[in-house]
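As structure tokens, the structure follows; a few thoughts come after it.
The values are calculated or read from the model by the stated rules, or taken from the named source; none is laboratory data. Since the structure is predicted, the reported quantities are computational estimates derived from the model, not experimental observations. Here the Cβ positions follow ideal geometry from the backbone for every residue, glycine too, while neighbour counts run over all protein chains shown. Note: areas computed on protein heavy atoms with side chains; ligands, DNA, RNA excluded. Shrake-Rupley method; radii C 1.70, N 1.55, O 1.52, S 1.80 Å.
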Amino acid sequence: QVQLVESGGGLVQPGGSLRLSCAVSGSIFRVYDMDWYRQAPGAQRELVASVTRGGNTNYIDSVKGRFTISRDNAKDTVYLQLNNLKPEDTDVYYCNADIFPAADRGVYNYWGQGTQVTVSS
């Protein structure tokens, strides 16, 4: 069974940093686009950053220059480095990926379980 396993959230003071990780587990053929979303209570899930298999990246304007998305294709893992964190970055962060499972014949979209990031003094 294919799963996305996240880690790295926590409580940090304004201006601090965190690094989120999301690893694919299970038998797969290939991982394509990988993304990070975030969601506040009662709000819609928001795409924060994305990275293609070839390494092309995109960010929402509010995190440009502060967050960096990267991936390690050999480890089927995506990372999100969060620097200069602000209270408004407080959310649950979810990873998302398009994956071709080894035992299947198509590409499917998967979500991680979510990890809480809290920015507070």
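Looking only at residues in the range 61-77 that are of a type in the set (K, R) and open to solvent by less than 50 Å² (accessible area, probe 1.4 Å), which one is nearest to S27 (Cα to Cα)?
R71
Would you pick out the residues in the range 78-121 that are of a type in the set (D, E, K, R) and farther than 15 Å from R19 by Cα?
Result: E88, D98, D104, R105.
Does the range 2-60 hold any residues that are open to solvent by 30 Å² or more (accessible area, probe 1.4 Å), in contact with a Pro (Cβ under 9 Å, 6 or more places away or on another chain) and on the phi < 0 side of the Ramachandran plot, and which are they?
Scanning the range 2-60 gives P14, S27, I28, F29.
Which condition breaks for K75 when tested against (1) at pLDDT 95 or above; (2) assigned to a strand (DSSP E or B)?
Evaluating K75 over (1) at pLDDT 95 or above; (2) assigned to a strand (DSSP E or B) leaves (2) as the failure.
Give the range 8-37 a look and list any residue that's of a type in the set (G, A, S) and over 17 Å from L85 (Cβ atoms), or say none.
A23, S25, G26, S27
All but one of (1) more than 15 Å from G112 (Cβ to Cβ); (2) in a strand (DSSP E or B) hold for W36, so report the exception by its number.
Looking at each condition in turn, W36 falls short on (1).
Write out, first by first residue and then by second, each pair whose Cβ atoms fall under 7 Å of each other, whose residues are 6+ apart or on separate chains, and whose first residue, in the range 27-43, is under 14 Å from Y93 (Cβ atoms) while the second is surrounded by 13 or more Cβ atoms within 10 Å (Cβ to Cβ) and among the acidic types (D, E).
Y37/E46; R38/E46; R38/D91; Q39/E46; Q39/D91; A40/D91
Which one is least open to solvent (accessible area, probe 1.4 Å) among residues in the range 91-121 that are hydroxyl-bearing (S, T, Y) and not in a strand (DSSP E or B)?
If we filter the range 91-121 for residues that are hydroxyl-bearing (S, T, Y), which is where we start, we get 93-94, 108, 110, 115, 118, 120-121.
From what's left, not in a strand (DSSP E or B): 120-121.
Working: S120: 61, S121: 129 Å².
If we take residues in the range 91-121 being hydroxyl-bearing (S, T, Y) and not in a strand (DSSP E or B), then S120 is least open to solvent (accessible area, probe 1.4 Å).
Return only the number of the condition from (1) touching a residue at least 60 places away in the same chain (Cβ under 8 Å); (2) in contact with a helix residue (DSSP H, G or I) (Cβ under 7 Å, 6 or more places away or on another chain); (3) not polar (S, T, N, Q) that G9 does not satisfy.
Against the list (1) touching a residue at least 60 places away in the same chain (Cβ under 8 Å); (2) in contact with a helix residue (DSSP H, G or I) (Cβ under 7 Å, 6 or more places away or on another chain); (3) not polar (S, T, N, Q), G9 comes up short only on (2).
Please work out which one of (1) part of a strand (DSSP E or B); (2) modelled with pLDDT of 95 or more is the condition S62 fails and give its number.
Tallying (1) part of a strand (DSSP E or B); (2) modelled with pLDDT of 95 or more, S62 fails exactly one: (1).
Report, by residue number, each residue of the range 63-86 that is out of contact with any Phe, Trp or Tyr (no Cβ under 8 Å at 6 or more places or on another chain) and of a type in the set (K, R).
K64, R66, K75, K86
Please enumerate the residues belonging to the range 78-90 that are open to solvent by 10 Å² or more (accessible area, probe 1.4 Å), touching a residue at least 40 places away in the same chain (Cβ under 8 Å) and outside any strand (DSSP E or B).
Answer for the range 78-90, where residues must be open to solvent by 10 Å² or more (accessible area, probe 1.4 Å), touching a residue at least 40 places away in the same chain (Cβ under 8 Å) and outside any strand (DSSP E or B): N83, N84, K86, P87, T90.
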